[in-house]
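The values are calculated or read from the model by the stated rules, or taken from the named source; none is laboratory data. Predicted model, so just to flag it, every value in this text is computed and none were measured. Neighbour counts are summed over all protein chains in view; Cβ atoms, including those assigned to glycine, are modelled from backbone coordinates with ideal geometry. Areas reflect the complete protein model, heavy atoms only, side chains present, ligands, DNA and RNA absent. Shrake-Rupley method; radii C 1.70, N 1.55, O 1.52, S 1.80 Å.
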Amino acid sequence: STMRNRKTTDSSHSCADLNEGKEKLRLKQEVGLISGVSLIAGTMIGSGIFMSPEWVLHHMGSPASSLLIWAACGVLAMFGALSYAELGTIIKESGGEYIYILRIFGSFPAFLFAYTSVILVRPAGLAAVCLSFAEYAVAPFYPGCSSPQVVIKCTAAACILLVTIINCLNVRLATSIMNIFTAAKLLALLVIVVGGLVLLAKGQTQSFQSAFQNTAASIGAVGVAFYQGLWSYDGWNNLNYVTEELKKPEVTLPRAVMIAIPLVTCLYLLVNVSYLAAMTPSELLSSGAVAVTWGDKVLGSWTWLISLSVALSTFGSSNGTFFSGGRMCYIAAREGHMPDILSMAHVRRLTPSPALMFTSAMSLIMIISGNFTSIVNFFSFVAWFFYGMTISGLLYLKIKKPELPRSYKVPIIIPIIVLLASVYLVLAPIIDQPQMEILYIILFVFSGVILYFPLVRFKCHPRFLQRVTLHLQLFLEVAPTTRD
């Protein structure tokens, strides 16, 4: 196939190309430290902190235990990101978990990850964020009643189409929007934090009296609470999906992680304290939109600022999710695990537009068929299964390949902790509260076997696909890319 021929091009061909004056097509390195921090923090701070607190409290049963879950989620995200930073300095390629699994474990598990991620996980994550954006964006138009599902889903679809256009037009435009929206959402969270500190100073501490009372103890409840909390931290690994587009990745990747994740963790804890200062646990549990309820109690007639802030926050998060999710699809296609057309970039704009369009299409399907809560649980189960596999790959490299050059090393105890947490998060809900949906997800993951052997292993590609690829190339103005 054209992909395989492209990948086996040796250095002599490269020299010949250069001598002939041909310019190679590749994505630009336009993501610096500030954009890197914005990509991580901007994707993490999305809908979760505005929608998940009531669910964490619901499963844990007490304010203090829910705060411990939020803190533990932040530590786990930090440990995971530091582990990934070492992987990113060993394997300096874009693609995140996919490229690490491919280089360490081989083609078959990498294909299963790519298949699951491109078809299910990444589109589901984007759909969930856009649905939450739509709920807050249309809420002011339906005061006193719930918004119609048709309106919510149409608004979410419009959000997906808008971020698709932005990301297809220009990488710098997409990163600039990320930077602007990250600053806006940090300001919104600071407003909530300051409001909470004022309430505490006035003596509103009733939620913190007997704070551990009614704490849940079952492993399943703690596991599902972690799912809801970790959803708010999802995005800690996003920079690894665009390693090839980073300026000085060996420096930028670890630094961006060390700045973004502690910042987000501190904000999340303070925001949760602010929610509990403004509301009793029972009020928080009965709130359909925690941030809006907080706004009603603290800001009064200015509560519309919260709805606006949440809408801006979730839109910025959807942009970051889409930015990295499209790269996942692009890299998998470049390695021969997806159709060739998805590995190409626009000849002038230098964006992976076919992969972005495909991710957009899958997300639109998810919006039609899904709802926020179910999407979060399914996303978390599959994601942490593959996070665990990736971390086990890092442990293998640390033990078996210590001689590999790396500019950053994480203490071995940190990936061990992340691996144990991954095993717990995958197994706890299955053991404590088994659901048929989890079985369906497992069957979906392994259904990739049916596609892998004929299409990837034995390369049985129908001839008409080559014609389709050629016509799409001409129509979309895209061409194959090379890499360093």
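Within the bounds of segment 322-335, is there any residue that is closer than 23 Å to Ile45 by Cα, open to solvent by 10 Å² or more (accessible area, probe 1.4 Å) and out of contact with any Asp or Glu (no Cβ under 7 Å at 6 or more places or on another chain)?
No, segment 322-335 contains no residue that is closer than 23 Å to Ile45 by Cα, open to solvent by 10 Å² or more (accessible area, probe 1.4 Å) and out of contact with any Asp or Glu (no Cβ under 7 Å at 6 or more places or on another chain).
Tell me which residues, restricted to segment 432-484, are in contact with a helix residue (DSSP H, G or I) (Cβ under 7 Å, 6 or more places away or on another chain), loosely packed, with under 14 Cβ neighbours inside 10 Å and more than 27 Å from Pro352 (Cβ to Cβ).
Of everything in segment 432-484, just one residue is in contact with a helix residue (DSSP H, G or I) (Cβ under 7 Å, 6 or more places away or on another chain), loosely packed, with under 14 Cβ neighbours inside 10 Å and more than 27 Å from Pro352 (Cβ to Cβ), namely Glu437.
Somewhere in segment 292-307, is a residue within 30 Å of Leu455 (Cα to Cα), touching a residue at least 60 places away in the same chain (Cβ under 8 Å) and either among the polar types (S, T, N, Q) or out of contact with any His (no Cβ under 8 Å at 6 or more places or on another chain) (or both)? Let's see the steps before the verdict.
Start the filter on segment 292-307 by keeping residues that are within 30 Å of Leu455 (Cα to Cα), which leaves none.
No - not one qualifying residue is present in segment 292-307.
List every residue pair whose Cβ atoms sit under 7 Å apart, with the two residues 6 or more apart in sequence or on different chains, where the first one lies in segment 138-150 and is under 22 Å from Leu364 (Cβ atoms) and the second, anywhere, is open to solvent by less than 100 Å² (accessible area, probe 1.4 Å) and among the charged types (D, E, K, R).
Ser147/Glu135
Just give me the residues in segment 199-219 being assigned to a helix (DSSP H, G or I) and in contact (Cβ under 8 Å) with a residue 60 or more places away in the chain, in sequence order.
Filtering segment 199-219 for residues assigned to a helix (DSSP H, G or I) gives 199-201, 206-208, 219.
Hits for segment 199-219 are Leu199, Leu200, Gln206, Ser207, Phe208, Ile219.
Given the structure, is Val242 under 22 Å from Phe113 (Cα atoms) and of a type in the set (A, V, I, L, M, F, W, C)?
So Val242 passes the test.
Of all the residues that make up segment 310-359, how many are of a type in the set (Lys, Arg) and over 22 Å from Gly36 (Cα atoms)?
Adding up the residues that qualify gives 2.
Just to verify a result, which residue in segment 113-144, among those that are more than 15 Å from the chain's Cα centre (by Cα) and surrounded by fewer than 21 Cβ atoms within 10 Å (Cβ to Cβ), is modelled with the highest pLDDT?
Val138
Please state which one of Leu305, Leu356, Leu312 is part of a helix (DSSP H, G or I) and either modelled with pLDDT of 85 or more or touching a Cys at 6+ places or on another chain (Cβ under 9 Å) (or both).
Answer to the check: Leu356.
Please verify whether segment 261-281 includes one or more residues that are at pLDDT below 85, open to solvent by 50 Å² or more (accessible area, probe 1.4 Å) and either within 17 Å of the chain's Cα centre (by Cα) or of a type outside the set (S, T, N, Q) (or both).
No, every residue in segment 261-281 fails to be at pLDDT below 85, open to solvent by 50 Å² or more (accessible area, probe 1.4 Å) and either within 17 Å of the chain's Cα centre (by Cα) or of a type outside the set (S, T, N, Q) (or both).
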